[in-house]
Each structure stands twice: as C-alpha cells, then as structure tokens.
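Undergrad: My structure is below; once you've seen it, I'll send some questions.
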Amino acid sequence: TGERRQVLANELGLNEAQIKIWYQNKRAKIKKTSGVRNTLALQLMAQGLYNHTTPNNKNV
C-alpha cells in the first residue's frame, strides 16, 4: 500500500518511487525464476508468505 511504501521509504532514506520499483523488480524476478503466473501467488512470494513446494505424500 501507499502508506507502507511511505514508511519504508522514510526508514530506508529512499523515495517512494524507488521502493515501488524495487518491489516491481522483485516480483518480476520471482515470476521469471519460478514460472508462477498467479498474481496472488507472486504477491505472497514477494512478501515471503508463499511456498510453492508441495509436501511429499508418499508416506500417506
């Protein structure tokens, strides 16, 4: 959100545009390396809240 971006910019001594670009680049890198096309999954991965691996169910 804009408010979070502003807080990060102030804490890091950057402007909001730099923060926005950093997140755009991070999402693009995740998309390129993972092959995930789901927008929500990309956003969650960028925030460290999404793990695309599935559990091993061989013991089930």
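Undergrad: Keeping to the stretch 27-60, report how many residues are at pLDDT 75 or above and in contact with a Phe, Trp or Tyr (Cβ under 6 Å, 6 or more places away or on another chain).
TA: Here the count works out to 1.
Undergrad: Any chance the stretch 17-26 includes a residue that's more than 13 Å from the chain's Cα centre (by Cα) and at pLDDT 75 or above?
TA: yes
The values are calculated or read from the model by the stated rules, or taken from the named source; none is laboratory data. Being a predicted model, the structure only gives us computed values, none of them experimental. Neighbour counts run over all protein chains shown; Cβ positions are idealised from the backbone, glycine included.
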